[in-house]
Amino acid sequence: MQVTDLDLASTDGGYQVSLVAVAPTLGYTDVNLSAVVYVQPPLDGIQDLILSYRPPSGLLVPQVIHLIPLKLDLPPVDWFRGVRVHVEPGLIGEPMPITLRSLVLDHPPVGDDTVMMSRAGLRDDTLVIDATYGGGCAPHHFQLAWDGLYLESHPPAVVFTLSHNANGDDCRMLINEQLEFDLSTVTSLDLSTVGRALVQAEGGITITVPLPAPPLVGS
């Protein structure tokens, strides 16, 4: 079982997670998405979700890809910064978890550790950043924040700040990770009026990402 089309949306009562579970054959039942309940909130603000299922029994199962759309509503909590989907282990073990973080509005940085960006781009309403950082011995926390301001330029622009907390990880392994941030979780950000985003990170790197530019008015 795999996961695709992971998406976050703000709602009046919190957030809604949607995804598509991809079953390799027909016959999968009891496919369910549930949220982990914490005694203490997670330090990185990422809500863990479990995709569970009952695999088909028997050997005569048609080898046909089966797409199963799922949705889950999450309550509003102050610490929420995104979701991480874990798929229950199957015959070949558990796939790597998939993490989708949310854009946050006017938040202080989570840390000042260096993170290098090699590329950034927009996929639908998700900003995807190819990041490199040193570590390997502790979990790392990332945050993408917007100050709520639009730059008076042509086309108009916004500035996103990527911050990184290595949690004291002194290991020197170079880790390449693709970070994904859902921009739609901040409802005051109107991408239709913005032509570019300047993505800044500790390490002195700024990447300009073209966004859907507003239509020209007049001749």
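Here, each number is a calculation from the coordinates, and none is a lab measurement. Keep in mind the model is a prediction, meaning the values are calculated, not measured. Neighbour counts are summed over all protein chains in view; Cβ atoms, including those assigned to glycine, are modelled from backbone coordinates with ideal geometry.
Numbers below:
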{"quantity": "Residue (of LEU174, PRO139, TYR150) at the positive-pole extreme of the range 109-208, dipole from beta-carbon charges", "calculated": "LEU174"}
{"quantity": "Derived scalar couplings ³J(HN,Hα) [the range 19-27; Karplus, 6.51 cos²θ - 1.76 cosθ + 1.60; whole Hz; x for Gly, Pro]", "calculated": "7, 10, 8, 10, 8, x, 9, 6, x"}
{"quantity": "Those chymotrypsin sites (Phe, Trp or Tyr not before Pro) in the range 63-134 that DSSP places in a loop and that have at most 14 other beta carbons within 10 Å", "calculated": "TRP79"}
{"quantity": "In the range 112-219, GluC sites (Glu not before Pro) in a DSSP loop with at most 13 other beta-carbon atoms within 10 Å", "calculated": "GLU152"}
{"quantity": "Under the Karplus curve 6.51 cos²θ - 1.76 cosθ + 1.60, θ = phi - 60°, whole-Hz ³J(HN,Hα) for the range 191-199, x wherever Gly or Pro sits", "calculated": "5, 5, 9, 10, x, 7, 10, 9, 9"}
{"quantity": "Ellipsoid equivalent to the range 44-164 - semi-axes via the Cα gyration tensor, in Å", "calculated": "35, 18, 16"}
{"quantity": "For the chain, convex hull of alpha carbons as volume per residue, Å³", "calculated": "161"}
